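S.K.: Structure below; questions to follow.
The values are calculated or read from the model by the stated rules, or taken from the named source; none is laboratory data. The structure presented is a predicted model; accordingly, all values stated were derived computationally and were not measured. Cβ placement follows ideal geometry from the backbone for every residue including glycine, while neighbour counts extend to all protein chains displayed.
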Protein chains: 2
Amino acid sequence: MVKKNAFYAQSGGVTAVINASACGVIETARLHKSVIGKVYAGNNGIIGALQEELIDTSKETAKTIAALRHTPSGAFGSCRYKLRSFEESQAEYERLIEVFKAHNIGYFFYNGGGDSQDTAHKVSQISEKMGYPITCIGIPKTVDNDLPITDNSPGFGSVAKYVAISTREAGLDVSSMCASSTNIFILEVMGRHAGWIAAAGGLAQEQEGDPPHIILFPEIAFNEAKFLMKVKQTVKQHGFCVVVASEGVHYKDGTFLSDSGQRDAFGHAQLGGVAPTLATMINEKWGYKYHWAVSDYLQRAARHIASATDVEQAYAMGKAAVEFALVGKNAVMTTIVRKPGKTYRWEVGEAPLAEVANVERKMPRSYITKDGFGITDACKAYLQPLISGEDYPPYKNGLPQYARLKKVLVKKKLTKSFML
Amino acid sequence: MVKKNAFYAQSGGVTAVINASACGVIETARLHKSVIGKVYAGNNGIIGALQEELIDTSKETAKTIAALRHTPSGAFGSCRYKLRSFEESQAEYERLIEVFKAHNIGYFFYNGGGDSQDTAHKVSQISEKMGYPITCIGIPKTVDNDLPITDNSPGFGSVAKYVAISTREAGLDVSSMCASSTNIFILEVMGRHAGWIAAAGGLAQEQEGDPPHIILFPEIAFNEAKFLMKVKQTVKQHGFCVVVASEGVHYKDGTFLSDSGQRDAFGHAQLGGVAPTLATMINEKWGYKYHWAVSDYLQRAARHIASATDVEQAYAMGKAAVEFALVGKNAVMTTIVRKPGKTYRWEVGEAPLAEVANVERKMPRSYITKDGFGITDACKAYLQPLISGEDYPPYKNGLPQYARLKKVLVKKKLTKSFML
């Protein structure tokens, strides 16, 4: 094989374990220096490639790269920047190939969700067309767990663990105060179109009657009257009511319960504020005292309580991506395959990028209870292994010690700069 | 000494470690059964005493009591119920003494904040007056860290650790996305009148320029123009800006930035919503994209990442309370005394309840930077030891295993019930 450099980029919302995938890519590539020269990381994701801002990961020590495994967020910077169709974004695709060519890059590892797998797929097609073929391997990542084919997505297990633990802990708090104070606690979690994260709150429930008492999914149209009745019944029976609500909860007509009006680069609504909306709704109807929390970035950055399973899988996905490239695979995404049997076991698999791109996997209806407010045993059986195990980062002075990179940029070779 | 039973109650907002104090009380009392008969815990705090709902802790196994050490929230139930002056609440004080007498209770351990220490003080005075003297020992507890005399309050260290870690983690998240997406992240934390919790966010900062870039304290009147300018400068310099805001932030005239309108039993405003208020303010002025989080109960229930120092001190405060009673002390609160010297060392001390009651300790001005937006080195030196060490609870199936109590109620002896 001709020796080529590799390009790795992080895309979209970051997670507690996306750097573990980066660690898997870089550590594995370092074992095959005769084939893969250097690993360049995009400074702020694909934007780094377009602007020829390539971070030379060979300048980072083995210790720093190893520390990526326990460092949350996107160490090289990520971005919300979507390449559209070849016709709409032709200049961008051409620029990418131009940059890759200039830096002798033959491998493209793209770590992201559905939109990113679509980009990886297009780069693979276009590089062929332009006569500079590039091996494109997708590495799955999304806290939303909405990628198809793969059994789950790295990043999700750790958010799920955080939400399940937080629900259990806050549930104990409310239950101990409800006799004379707060009766209602609402936790708003991420999940724009898929309710996987909200569902994970259901794992907190060990016995009948334990919180959460109500889970609100984007998959189930919000019915105000039914919801308010369920809240009242729950408070009557248990003295308090804990609700885990997905940010994507919406009415039958598609209107989100709360829409801040902001839009991201992909045109998606930036949500937030479902929790206070629900709290006010309950208070106005029944007068109950409430508290609410919006965990926002805290949930997806919570490396301090990451799922050991998630960390292991994130690393494995990065490692496998390089191994796939080394054996000549192309235009595929690494996947997690759950093996049959009662004990949870998994292995690495693959999915053609063409089949992954832009397909959104929602919760199956069979994972949601009949009344639409809880998760079924089948759902618990699916979710539970994903939050298994603790993988604590090292601490110093009471705080987790996360990697700090030098981020040395490769010298530019192109004379033209590129306007986004 | 004549053998008497003890009464223990949890009061006010619960914490990640108040049960560690309960554990200290019960385990220590069990070592002195010839003097202290049984430990009865108030079902839902002092309300349990008034309504003669006493939980017989002797019915709980040693294993369950030991598990209290790693269980957040108030295992016996807490309440927001304040006894006023003797004149205003005479019937309640008389009822308390009546219940204590009926159950041969000679020791009153009250685990709470300033209001509760006031109640303990009054019970001590009134029991003398009514000819049924009761040994009253206060055990400090408050996430707000606003009790006087004691160097810090159990419960605070763990919230501080949670807020510092969350700030560091979310800060990494925003920093990795800011090139093309969110520039502003606001974390709203507890602290109605004292900014200790918000200050703890400052511990996340390791190097100049690290988040948080702005801390908003209730001790510093909010100046909108100055704040907005600081936000702009920070984004210009670092590309993003992380703000940790106390729920109690208010304008010069005392108006809170956000007041939900609810009042608790003590008449305090129930706050919430400072984060979205600030986010909107910034967005309207500068147009920056934002995210915000309100951690609410999550922060004070986060036993999964409790400070080992805090857990140890909470236990020690409960243990010392019983030991104080055994040597005949009365009307005092156990305290944490910081010993002089560079290495952090502490010991158990005491403070007269009369001096603790209703005194609120705010942040000294010397702990806040001149511009009012950060913490000084002196503040860091004070805070850092309090978040030191990790004390992880046991896990099963990916979730922390917290104590479940039987809560067997003692048979009532009084014929009259009591209306609150």
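S.K.: Checking residue A:385 against (1) within 14 Å of chain B (Cβ to nearest Cβ); (2) within 30 Å of residue A:28 (Cβ to Cβ); (3) surrounded by fewer than 24 Cβ atoms within 10 Å (Cβ to Cβ); (4) without any contact (Cβ under 8 Å) to a residue 24 or more places away in the chain, which single condition isn't satisfied?
M.R.: With (1) within 14 Å of chain B (Cβ to nearest Cβ); (2) within 30 Å of residue A:28 (Cβ to Cβ); (3) surrounded by fewer than 24 Cβ atoms within 10 Å (Cβ to Cβ); (4) without any contact (Cβ under 8 Å) to a residue 24 or more places away in the chain applied to residue A:385, the lone miss is (4).
S.K.: Also, I was wondering about something else. Restricting to the stretch B:226-250, give me the number of residues that are in a strand (DSSP E or B) and either buried (at least 24 other Cβ atoms within 10 Å of the Cβ) or in contact with a His (Cβ under 9 Å, 6 or more places away or on another chain) (or both). Give the derivation first.
M.R.: So in the stretch B:226-250, the residues in a strand (DSSP E or B) come out as B:241-246, B:250.
Right, trim to either buried (at least 24 other Cβ atoms within 10 Å of the Cβ) or in contact with a His (Cβ under 9 Å, 6 or more places away or on another chain) (or both) and you get B:241-246.
Qualifying residue count, the stretch B:226-250: 6.
S.K.: For the stretch A:229-250, what are the residues that are of a type outside the set (A, V, I, L, M) and under 21 Å from the mean Cα position of the chain (by Cα)?
M.R.: Keep residues of the stretch A:229-250 that are of a type outside the set (A, V, I, L, M), which gives A:230, A:232-234, A:236-241, A:246-248, A:250.
Listed by number, the residues that qualify are A:246, A:247, A:248.
S.K.: Next up: So, of the residues in the stretch B:388-409 that are outside any loop (DSSP other than H, G, I, E, B) and touching a residue at least 24 places away in the same chain (Cβ under 8 Å), which turns out to be farthest from residue B:95 (Cα to Cα)?
M.R.: Among them, the one singled out is B:390.
S.K.: For residue B:377, only one of the following conditions fails: (1) in contact with a strand residue (DSSP E or B) (Cβ under 9 Å, 6 or more places away or on another chain); (2) surrounded by fewer than 20 Cβ atoms within 10 Å (Cβ to Cβ); (3) under 18 Å from residue B:161 (Cα atoms); (4) of a type in the set (D, E, K, R). What is its number?
M.R.: All conditions are met except number (1).
S.K.: Ok, one more. So is residue B:162 among the aromatic types (Phe, Trp, Tyr) and within 10 Å of chain A (Cβ to nearest Cβ) or not? Working first, answer last.
M.R.: Working: among the aromatic types (Phe, Trp, Tyr): yes; within 10 Å of chain A (Cβ to nearest Cβ): yes.
Answer is yes for this residue.
S.K.: Sort through A:191, A:155 and tell me the only one that's modelled with pLDDT under 95, surrounded by 24 or more Cβ atoms within 10 Å (Cβ to Cβ) and either under 15 Å from the mean Cα position of the chain (by Cα) or under 20 Å from residue A:12 (Cβ atoms) (or both).
M.R.: Exactly one residue qualifies, and that residue is A:191.
S.K.: If residue B:320 satisfies every condition in (1) away from chain A (no Cβ under 13 Å); (2) in contact with a Leu (Cβ under 9 Å, 6 or more places away or on another chain) but one, which is the exception?
M.R.: Checking residue B:320 against (1) away from chain A (no Cβ under 13 Å); (2) in contact with a Leu (Cβ under 9 Å, 6 or more places away or on another chain), the one that fails is (2).
S.K.: Take residue A:45 and tell me if it is under 24 Å from the mean Cα position of the chain (by Cα) and either crowded, with 24+ Cβ neighbours inside 10 Å or more than 27 Å from residue A:306 (Cβ to Cβ) (or both). Working first, answer last.
M.R.: On the way: under 24 Å from the mean Cα position of the chain (by Cα): yes; either crowded, with 24+ Cβ neighbours inside 10 Å or more than 27 Å from residue A:306 (Cβ to Cβ) (or both): yes.
The answer is yes for residue A:45.
S.K.: Can I ask one more? Report, by residue number, each residue of the stretch B:1-52 that is assigned to a helix (DSSP H, G or I) and at the interface with another protein chain (Cβ under 10 Å from one of its Cβ atoms). It would help to see each step written out before you state the result.
M.R.: Taking the stretch B:1-52 first, the residues assigned to a helix (DSSP H, G or I) are B:18-30, B:46-50.
Residues satisfying the conditions are B:18, B:19, B:46, B:47, B:48.
S.K.: Among the numbered criteria (1) part of a helix (DSSP H, G or I); (2) among the charged types (D, E, K, R); (3) under 28 Å from residue A:174 (Cβ atoms), which one does residue B:355 miss?
M.R.: In the conditions (1) part of a helix (DSSP H, G or I); (2) among the charged types (D, E, K, R); (3) under 28 Å from residue A:174 (Cβ atoms), residue B:355 misses (3) alone.
S.K.: Would you check if residue B:189 is closer than 21 Å to residue A:397 by Cα, within 14 Å of chain A (Cβ to nearest Cβ) and touching a residue at least 24 places away in the same chain (Cβ under 8 Å)?
M.R.: The answer is no for residue B:189.
S.K.: From A:416, A:412, A:380, grab the single residue that is assigned to a loop (DSSP other than H, G, I, E, B), at pLDDT 95 or above, not acidic (Asp, Glu) and not assigned by TED's automatic domain parsing to the domain that holds residue A:339. Show your work before the answer.
M.R.: Working: A:416 fails: at pLDDT 95 or above; A:380 fails: assigned to a loop (DSSP other than H, G, I, E, B).
That would be A:412, the only listed residue that is assigned to a loop (DSSP other than H, G, I, E, B), at pLDDT 95 or above, not acidic (Asp, Glu) and not assigned by TED's automatic domain parsing to the domain that holds residue A:339.
S.K.: Can I ask one more? Just give me the residues in the stretch B:53-96 being part of a loop (DSSP other than H, G, I, E, B), away from every other protein chain (no Cβ under 14 Å), within 25 Å of residue B:319 (Cα to Cα) and not β-branched (Val, Ile, Thr), in sequence order.
M.R.: B:60
S.K.: Considering only the stretch A:299-334, state which residues are over 17 Å from residue A:141 (Cα atoms) and either within 13 Å of the chain's Cα centre (by Cα) or not in a loop (DSSP other than H, G, I, E, B) (or both).
M.R.: A:304, A:305, A:323, A:324, A:325, A:326
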